[in-house]
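Following: one structure in structure tokens, then a few remarks.
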Amino acid sequence: MAPDGKQRFVLVGGGLAGGLLATFLGRSGYEVELFERRSDPQAGNFVGGRSINLAVSVRGIDALRRAGLAEEVLHSAIPMRGRMIHALDGRLYFQPYDKDPTRCIYSIGRGALNAATLNAARRYPNVRVHFSARCVDVDLERPAARIARDGDATEEIACDALIGVDGAFSAVRRAMQRCDRFDYSQTYLEHGYKELAIPPGGDGAWRLEKNALHIWPRRSYMMIALPNPDGSFTCTLFWPFEGSSSFASIRGDDDVRAFFERSFPDAVPLMPTLLDDFRRNPTGSMVTIRCRPWQYEGRVVLVGDAAHAVVPFYGQGMNAAFEDCVVFEECLRRHAPDLRAAFVDYEARRLPNTDALADLAVDNFVEMRDKTASRRFRAYKRLDRALHRLAPFWYTPLYTLVTFTRTPYAEAARRARRQDRAVAAAGAIILAALALAAVSLARAIAN
């Protein structure tokens, strides 16, 4: 505990959730020290090539609003009102996200958002942020983090509570994994990803529809593109690591050019740096991580990807991490100063929902990659919106529940399953009634 009697938190990780959580804790009067292994982003040390764009939706906006950051962040964000599907023959199909055309998600650069959350945290005198400070080990009992700064020298930083906000490969979680009965799993997709780019037009204009998330669905793989304020698009290719058509099958520039001309012919003329981008940018992997418990004896707790990394296909990874911060702060207020009760409550409220999100994210990859280009799927989406428009209190699409409300993820998934069963049952009844009417009509005509 700090000399003034305030509880002292040490946060390991200064990414998106780390900066926002430090802001919440600083505002609540706690003593906070945040340690981030990267250098200060304000020093201009950004490195591209790792999917820098994010889709901010209602859960994330709600968290930013609570921190007083929503207006600042959304000022530089671009609204996306639906998916623009690029068929192989060049035809375009727009799929709105919601029956209400004003509902949208927002494209924003990861670096700009991270800088906003860290700057907000640093405005509080009781929050101290340390860059180029890597956590190399954790003492769960004290608790304390062993921090390495420049060179090999390390120091141990003790606190009342240690919070691991250090991402999917968390050093804090790694220490917790040594505990008895700690459950942990990681599952990689067979697909990797590579960041590419569509630059702005000569006049700085966007060369594709600005207010849409663009998808080139090709069954076993796909490419997406999100708009940037400078008129460019950040593209991401999702492609298997291995196989006859995969990252492993590429032997040189000719293979890259042939694959893109065959698979994304309308995009190739818009990508003058395609070959350079493909060579230079790394191929990333995508992992789902589940673990429990998220806390240790009221001394150590995990937040964000450290507790529940998900693949990016529902656009909810960052939004879920921000929602973690909101719930965490609510639990602290409810149980203060009992940290153990707060951490247990936080885990109980969040873990079932992030487990549900993990499944939804993988399912949505299949939808985006395999289904969005089909006529049957487009008809289903039109029915989805029609039912929501005609009976909004009875039927709400799963995407709307997840993206445009704060309905808990697990409840959204359960509600969608109930709705699907009800629609299927109603459809079967209607078909049976039509069949019976047809039979009756045929008999009447025969008589």
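Looking at the structure I just gave you, is residue 145 more than 23 Å from residue 321 (Cβ to Cβ) and modelled with pLDDT of 95 or more?
Considered against the rule, which asks whether it is more than 23 Å from residue 321 (Cβ to Cβ) and modelled with pLDDT of 95 or more, residue 145 comes out as no.
If I filter region 266-289 for residues that are in contact with a Cys (Cβ under 8 Å, 6 or more places away or on another chain) and farther than 19 Å from residue 87 by Cβ, do I get at least one hit?
Checking region 266-289: not a single residue is in contact with a Cys (Cβ under 8 Å, 6 or more places away or on another chain) and farther than 19 Å from residue 87 by Cβ.
With respect to residue 307, determine if the residue is crowded, with 24+ Cβ neighbours inside 10 Å and aliphatic (A, V, I, L, M).
Judged against the criteria, residue 307 is a match.
Taking region 246-265 as the region of interest, how many residues are buried (at least 16 other Cβ atoms within 10 Å of the Cβ) and within 23 Å of residue 87 (Cα to Cα)?
Going through region 246-265 one residue at a time, the tally reaches 7.
Could you check how many residues of region 274-296 are within 23 Å of residue 206 (Cβ to Cβ) and either touching a Leu at 6+ places or on another chain (Cβ under 8 Å) or not assigned by TED's automatic domain parsing to the domain that holds residue 232 (or both)?
Going through region 274-296 one residue at a time, the tally reaches 4.
Could you say which residue among 209, 195 is part of a strand (DSSP E or B) and in contact (Cβ under 8 Å) with a residue 24 or more places away in the chain?
Only one candidate qualifies: 195.
Quick grid of which residues meet (1) modelled with pLDDT under 95; (2) among the charged types (D, E, K, R):
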{"residue": "13", "(1), (2)": "no, no"}
{"residue": "18", "(1), (2)": "no, no"}
{"residue": "24", "(1), (2)": "no, no"}
{"residue": "44", "(1), (2)": "yes, no"}
{"residue": "61", "(1), (2)": "no, no"}
{"residue": "66", "(1), (2)": "no, yes"}
{"residue": "78", "(1), (2)": "no, no"}
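Tally up the residues in region 94-129 that are surrounded by fewer than 16 Cβ atoms within 10 Å (Cβ to Cβ) and over 25 Å from residue 212 (Cβ atoms), please.
3
Cβ-Cβ distance below 6 Å, separation of 6 or more or different chains: which pairs start in region 331-349 with a residue that is assigned by TED's automatic domain parsing to the domain that holds residue 320 and end on one that is aromatic (Phe, Trp, Tyr)?
From residues that are assigned by TED's automatic domain parsing to the domain that holds residue 320, the pairs are 331/346; 346/328; 347/294.
From 70, 112, 77, grab the single residue that is in contact with a helix residue (DSSP H, G or I) (Cβ under 6 Å, 6 or more places away or on another chain) and on the phi < 0 side of the Ramachandran plot.
Only one candidate qualifies: 70.
Residue 180 fails exactly one of the following numbered conditions: (1) under 28 Å from the mean Cα position of the chain (by Cα); (2) surrounded by fewer than 20 Cβ atoms within 10 Å (Cβ to Cβ). What is the number of that condition?
Just one mismatch for residue 180, condition (1).
Can you tell which of 359, 355, 420 is out of contact with any Lys or Arg (no Cβ under 8 Å at 6 or more places or on another chain), part of a helix (DSSP H, G or I), under 21 Å from residue 321 (Cβ atoms) and modelled with pLDDT of 70 or more?
Result of the check over 359, 355, 420: 359.
Among 267, 306, which is under 30 Å from residue 340 (Cβ atoms) and touching a residue at least 24 places away in the same chain (Cβ under 8 Å)?
Answer to the check: 306.
Residues being in contact with a Lys or Arg (Cβ under 8 Å, 6 or more places away or on another chain), farther than 23 Å from residue 81 by Cβ and among the hydroxyl-bearing types (Ser, Thr, Tyr): count how many of those fall in region 206-245.
Residues in region 206-245 being in contact with a Lys or Arg (Cβ under 8 Å, 6 or more places away or on another chain), farther than 23 Å from residue 81 by Cβ and among the hydroxyl-bearing types (Ser, Thr, Tyr): 2 in total.
Tell me whether region 199-211 contains one or more residues that are surrounded by fewer than 21 Cβ atoms within 10 Å (Cβ to Cβ), in contact with a Gly (Cβ under 7 Å, 6 or more places away or on another chain) and within 18 Å of residue 105 (Cβ to Cβ).
The answer is yes; a qualifying residue exists.
Being in contact with an Asp or Glu (Cβ under 6 Å, 6 or more places away or on another chain) and of a type in the set (A, V, I, L, M) is the filter; apply it to region 147-171 and report the residue that is farthest from residue 305 (Cα to Cα).
Of everything passing the filter in region 147-171, 147 is farthest from residue 305 (Cα to Cα).
Quick check: anything in region 165-174 surrounded by 20 or more Cβ atoms within 10 Å (Cβ to Cβ), among the acidic types (Asp, Glu) and in the same structural domain as residue 358 (by TED's automatic domain parsing)?
For region 165-174, residues surrounded by 20 or more Cβ atoms within 10 Å (Cβ to Cβ), among the acidic types (Asp, Glu) and in the same structural domain as residue 358 (by TED's automatic domain parsing): present.
Look at residue 112 and say whether it is more than 30 Å from residue 262 (Cβ to Cβ), in a helix (DSSP H, G or I) and at pLDDT below 95.
Yes.
Any idea which of 157, 163 is part of a strand (DSSP E or B) and over 27 Å from the mean Cα position of the chain (by Cα)?
Going through 157, 163 in turn, the sole match is 157.
The values are calculated or read from the model by the stated rules, or taken from the named source; none is laboratory data. Owing to the predicted nature of the structure, the values given are computational and were not obtained by experimental measurement. Here Cβ is always computed from backbone atoms with ideal geometry, including for glycine, and neighbour counts include all displayed protein chains.
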